[in-house]
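A.B. asks: Structure in structure tokens, see below.
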Amino acid sequence: MSEYLRLARLYLVVLAIFTVGRLLLGVKDVPYEKGHHIFSIVILTALSCLYYAAFARRWRGYKLFPAVGLAITLGVVSQLVILLATALSYALGVDTYFTHPTALNVDAPLSPAAAMLVRLRGLLGNSISCGIIGSLGWALGGLLPEK
């Protein structure tokens with residue numbers, strides 16, 4: 001796991017930028033419908049799983065399962081950041097994109113406990129999805145040049 005995190009340092013910096021950006025958009029009252037796509041952590045993670053697994057195969061010699069492990073690590077870290085940002089938003093009583101009903105896949109605001117349950121399900125489901133995306137990235141990594 002430490003090798004995965006070392007390899008993902010750039011991703012972690014970009015994830016931090018996206019998290020802060022997403023928090024600021026919510027705090028600055030930019031309507032969710034206008035701004036949610038600007039700093040989408042889910043899209044960032046999915047694309048990163050794809051290209052990290054591809055590059056790890058070609059240039060680091062990763063086999064399928066280590067590449068999938070890398071992608072799952074990216075997914076878990078991202079989902080933990082989302083879960084913590086959601087908890088922080090509720091604890092501070094601040095409306096952010098992390099507490100918005102659309103981000104929680106519901107029609108009306110949720111209680112903190114219900115929102116955290118949604119985020120825990122996302123931790124599991126999105127981490128598995130990242131593994132699948134990582135396996136696709138690994139397969140596509142064969143198309144990259146060797147040097």
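A.B. asks: Which residues, counting only those in region 1-29, are outside any helix (DSSP H, G or I) and modelled with pLDDT of 95 or more?
C.D. replies: If the condition is that a residue be outside any helix (DSSP H, G or I) and modelled with pLDDT of 95 or more, then Ala8 is the only one that fits.
A.B. asks: Any residue at all in region 76-95 that's crowded, with 21+ Cβ neighbours inside 10 Å and within 19 Å of Arg6 (Cα to Cα)?
C.D. replies: Yes, there is a match, as at least one residue in region 76-95 is crowded, with 21+ Cβ neighbours inside 10 Å and within 19 Å of Arg6 (Cα to Cα).
A.B. asks: Testing Leu44 on (1) among the aliphatic types (A, V, I, L, M); (2) under 15 Å from the mean Cα position of the chain (by Cα); (3) surrounded by fewer than 16 Cβ atoms within 10 Å (Cβ to Cβ), one condition comes back false. Which one is that?
C.D. replies: (3)
A.B. asks: Against the condition among the hydroxyl-bearing types (Ser, Thr, Tyr), under 23 Å from Gly142 (Cα atoms) and touching a residue at least 12 places away in the same chain (Cβ under 8 Å), how does Thr45 come out, does it pass?
C.D. replies: Considered against the rule, which asks whether it is among the hydroxyl-bearing types (Ser, Thr, Tyr), under 23 Å from Gly142 (Cα atoms) and touching a residue at least 12 places away in the same chain (Cβ under 8 Å), Thr45 comes out as yes.
Table: residues versus (1) touching a helix residue (DSSP H, G or I) at 6+ places or on another chain (Cβ under 9 Å); (2) free of Cβ contacts under 8 Å to residues at least 12 places away in the same chain; (3) closer than 30 Å to Lys147 by Cα.
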position	(1), (2), (3)
Gly61	no, yes, yes
Ala67	yes, no, yes
Leu74	yes, no, yes
Ile82	yes, no, no
Thr96	yes, no, no
Ala103	yes, no, no
Pro109	yes, yes, no
Pro112	yes, no, no
Gly122	yes, no, no
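A.B. asks: Between a residue in region 1-25 that is aromatic (Phe, Trp, Tyr) and any residue that is crowded, with 18+ Cβ neighbours inside 10 Å, which pairs come within a Cβ distance under 6 Å, given they are 6 or more apart or on different chains?
C.D. replies: Tyr4/Leu70; Tyr4/Thr73; Tyr11/Ser48; Phe18/Phe39; Phe18/Ile41; Phe18/Leu44
A.B. asks: Give Tyr11, Tyr62, Tyr32 a once-over and let me know the one that is hydroxyl-bearing (Ser, Thr, Tyr) and farther than 25 Å from Leu120 by Cβ.
C.D. replies: None of the other options fit; the residue is Tyr62.
A.B. asks: Here's another thing I want to ask about it. Could you tell me whether any residue of region 43-52 is among the hydroxyl-bearing types (Ser, Thr, Tyr) and in contact with a Cys (Cβ under 8 Å, 6 or more places away or on another chain)?
C.D. replies: Scanning region 43-52, I find at least one residue that is among the hydroxyl-bearing types (Ser, Thr, Tyr) and in contact with a Cys (Cβ under 8 Å, 6 or more places away or on another chain), so the answer is yes.
The values are calculated or read from the model by the stated rules, or taken from the named source; none is laboratory data. Every value quoted in this text rests on a predicted model; they were computed, and no experiment measured them. Glycine gets a Cβ as well: all are built from the backbone with ideal geometry, and neighbour counts include every protein chain shown.
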